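The values are calculated or read from the model by the stated rules, or taken from the named source; none is laboratory data. These numbers come from a predicted model, not from an experiment. Cβ placement follows ideal geometry from the backbone for every residue including glycine, while neighbour counts extend to all protein chains displayed.
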Amino acid sequence: MPSIRTFKIFLAVVKHRSFAAAGKEIGLTAAAVGLQMRALEEDLNLVLFDRGSRSVVLNTAGRNIVDKIEDLVLRYGALVDAGDSDELSGTIVMGALVSALMGSFADALWNLKQQHPRLEVKLFAGMSSDFAERVEQGELDAAVVTQSPRPLSSTLVWTPLYTEPMVLIVPRRPHFAMPAEPMAILQQSPFIRFDRKTWTGHLVKDVLSQGNIDVVDGMELNSIEAIIEIVRQGFGVSIVPQLANVHWTRDRALQVIPLPGIDVKRCVGLLERVQHTRMRVTGAIKDYFDAHKDKKQDGAVRKPKR
């Protein structure tokens, strides 16, 4: 009968689509992983993979048992945890927006590591839309992403963690003539736009649409951090989420301006599969944000000087 370890190796192969990559994760050679999968197929009397020279792909029979094996591994983990302490251990593989790591999520990770020193967190930085596919495929256990503008797969669940208002940022020393009023600033100044194909880019479009604002596009980037730096240097203005825990009011090169009549927020949350083996860890992350949901954002928003 297959062991829990064999089932875990099977899930690693499903995640990486390669015996070699799966073996690297769990400490076995590609040949050893291949032997384990052959033994699993013999025990189940099923062929689970279509094997190629460089990759292995689940066939229909293999896809049909993934959920069942994930459930078995999950139930076994819960059984072990029931007799263990409250300490979390092992490895969780997560994705996160760089802007989230600049804000509240960094505090959550620090708190988690302080309480559970045996827990290892592997982090990958990237874009929300890219993470959704990687979480669904099992390549990542979870990801911190913005709320999707489109319906998610039924195999995924997104839990809101915190919100960030969308605000106008302007340089204190612009290289262009900048009006005093926020709407005039947006209409007349070079606009540094967040990539409109991204989930946060959709929010920028919502702000402009809600305010019926036409902008003079000067540049389009897919990095909030790069946009902030370009604005700091005086080359344009932008609309970005007001990142939680970033000391906006202490920035000597940047002003943050609320937009009158605009109420668009970026919701940041935890994306995970409905069932997975690291649910205790993702649960701890969600508990942290529940406990800190009333924490105020650092610094008040300032209006521009006239």
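Quick notes
- Filter result (crowded, with 16+ Cβ neighbours inside 10 Å and either in contact with an Asp or Glu (Cβ under 8 Å, 6 or more places away or on another chain) or not in a loop (DSSP other than H, G, I, E, B) (or both)) within the range 246-264: 246, 248, 254, 255, 256, 257, 264
- Restricting attention to the range 285-306, the residues being modelled with pLDDT of 60 or more, surrounded by fewer than 18 Cβ atoms within 10 Å (Cβ to Cβ) and of a type in the set (A, V, I, L, M) number 1.
- Considering the range 102-151, the residues that are surrounded by fewer than 15 Cβ atoms within 10 Å (Cβ to Cβ) and among the basic types (Lys, Arg) include one that is farthest from the chain's Cα centre (by Cα), namely 118.
- Every test in (1) touching a Phe, Trp or Tyr at 6+ places or on another chain (Cβ under 9 Å); (2) part of a strand (DSSP E or B); (3) surrounded by 17 or more Cβ atoms within 10 Å (Cβ to Cβ) is passed by residue 164 save one, and that test is (1).
- When restricted to residues that are exposed (fewer than 14 other Cβ atoms within 10 Å of the Cβ) and at pLDDT below 80, the range 69-80 contains 4.
- Applying the criterion of being within 30 Å of residue 143 (Cα to Cα) and among the charged types (D, E, K, R) to the residues of the range 167-203, the residue that is surrounded by the most Cβ atoms within 10 Å (Cβ to Cβ) is 193.
- Residue in the range 223-233 that is aliphatic (A, V, I, L, M), touching a residue at least 24 places away in the same chain (Cβ under 8 Å), under 30 Å from residue 115 (Cβ atoms) and not assigned by TED's automatic domain parsing to the domain that holds residue 137 present: yes
- Members of the range 208-235 found to be surrounded by 16 or more Cβ atoms within 10 Å (Cβ to Cβ), over 28 Å from the mean Cα position of the chain (by Cα) and under 18 Å from residue 258 (Cα atoms), listed by number: 211, 213, 215
- Of all residues in the range 110-148 being without any contact (Cβ under 8 Å) to a residue 40 or more places away in the chain and among the aliphatic types (A, V, I, L, M), the one that is nearest to residue 163 (Cα to Cα): 125
- Scoring residue 27 on the criteria (1) farther than 24 Å from residue 141 by Cβ; (2) without any contact (Cβ under 8 Å) to a residue 12 or more places away in the chain leaves a single failure, condition (1).
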